[in-house]
1. Across peptide B:89-99, how many C-beta atoms of other chains are within 10 Å of each residue C-beta, on average?
2. Can you give me the C-alpha center-to-center distance between the stretch A:52-86 and the stretch B:68-105, rounded to a whole angstrom?
3. Considering the dipole of the stretch B:4-112 built from charges on the beta carbon (Lys and Arg +1, Asp and Glu -1) around the Cα centre, which of B:ASN26, B:PRO66, B:VAL12 is farthest to its positive end?
4. What trypsin sites (Lys or Arg not before Pro) in the stretch B:40-83 are in a loop by DSSP, with at most 12 other Cβ atoms within 10 Å of the Cβ?
5. What GluC sites (Glu not before Pro) does the stretch B:1-58 have in DSSP loop regions with at most 14 other beta carbons within 10 Å?
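What follows is calculated from the coordinates using simple rules that are stated; it is not laboratory data. Computed from a predicted model, the values in this text were never measured in an experiment. Every residue, glycine as well, gets a Cβ built from its backbone with ideal geometry; the counts of neighbours run over all protein chains shown.
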Amino acid sequence: DQQVKQNSPSLSVQEGRISILNCDYTNSMFDYFLWYKKYPAEGPTFLISISSIKDKNEDGRFTVFLNKSAKHLSLHIVPSQPGDSAVYFCAVKIPPSNTGKLIFGQGTTLQVKP
Amino acid sequence: DTAVSQTPKYLVTQMGNDKSIKCEQNLGHDTMYWYKQDSKKFLKIMFSYNNKELIINETVPNRFSPKSPDKAHLNLHINSLELGDSAVYFCASSQDASRDEQYFGPGTRLTVT
């Protein structure tokens, strides 16, 4: 049973527009959430994170929103650029937080068209 | 000056063989991990070591054995390879196990024929 789900396998947007990637989780005890980006033939790279004490975290063009009641988080990329084309993984940190254990969603492939 | 490196990048082998994948990090991190990305693209943790001590051992067949000779290296040995072991294996490290940011290697694509 998947504890972290990314229901959209792919997303295509035009350059300059907003990209919205979604992620749902099952356990209300989860309290730390991350997004990773992955290019082909490379390992995932950390993008942005959010703690459950916040509902929004922003870093440049990237903003993560957390809706605890819906057990849902989303990543917004504004404006989208062709270099953002990659696979985006949502991840949750599994308590206890001192083990470093992450559970990943299955990823959403984002294509940004010039 | 690669932060997390893995060798080999590709590994093709026959069922029943024993193989190893090596991982090294030059970031001075205390914690290292092995992940498996299967054909459905799920990235699942297998093991993690903190200062050479095993802290996570997921439900992984005991044919898989991690070995950490020092905190900069975490190697993965796989005995009696099976078709289902075909996957991409990623090594990662973090400053310590409480840090959220993990740095991943480029992956090793293992194909068992």
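1. So the per-residue partner count for this stretch is 3.
2. 28 Å
3. Result: B:VAL12.
4. B:LYS40
5. The qualifying sites are B:GLU58.
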